[in-house]
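The numbers here are math on the coordinates, done by the rules we state, and not lab data. Just so you know, these numbers come straight off a predicted model, no measurement behind them. For neighbour counting, all protein chains shown are included, and Cβ atoms are generated from backbone atoms with ideal geometry for every residue, glycine included.
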Ligand code: FES
């Protein structure tokens, strides 16, 4: 390989690395895996797990958290809804079972692009079915997800 070929090769490698770096950055998730307690029938998440303390000391509310209860094959995304209630969704795509990537206002499947609302309703193909939704209650400072 002569100098000219080497430089051309390096250029293509560098050009290829830029989109990968951007992709890695954009894929670096802001997913927060919440602490929780597993009971026989539920996963209990302290409400404080939704608090996100900023570097300046202020606290904001996380739009969602993720839990991985023991015995569950897929994680569960727990969203804060507009009316102050919560939705708990199995992060399993109803198309071909890939694990979903929760975003702030929707969920997306990395395999074929299906999208779901934070209520678990399918809103983009190829999936045709809604997500599994778990009953949620608020009990004594915890969100209880009945599994
Ligand atoms: S497995 Fe999710 S869109 Fe295909």
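Residues 107, 128, arranged from fewest to most other Cβ atoms within 10 angstrom of their Cβ, appear as 128, 107.
Pairs of alpha-carbon atoms within less than 8 angstrom and 6+ residues apart define the contacts here; what relative contact order does the range 37-146 have, in percent? The partial results should precede the final answer.
On the way: 219 pairs, mean separation 24.6, N = 110.
Worked out over the range 37-146, it gives 22 percent.
Each of 99, 139, 49 has some number of other Cβ atoms within 10 Å of its Cβ, and from fewest to most they run 139, 99, 49. The length gained by stretching the chain between residue 56 and residue 31 to full extension, at 0.36 nm per residue less their Cα-Cα distance, is 6.9 nm. Sorted ascending by nearby beta carbons within 10 Å, beginning with the fewest, 96, 62 become 96, 62.
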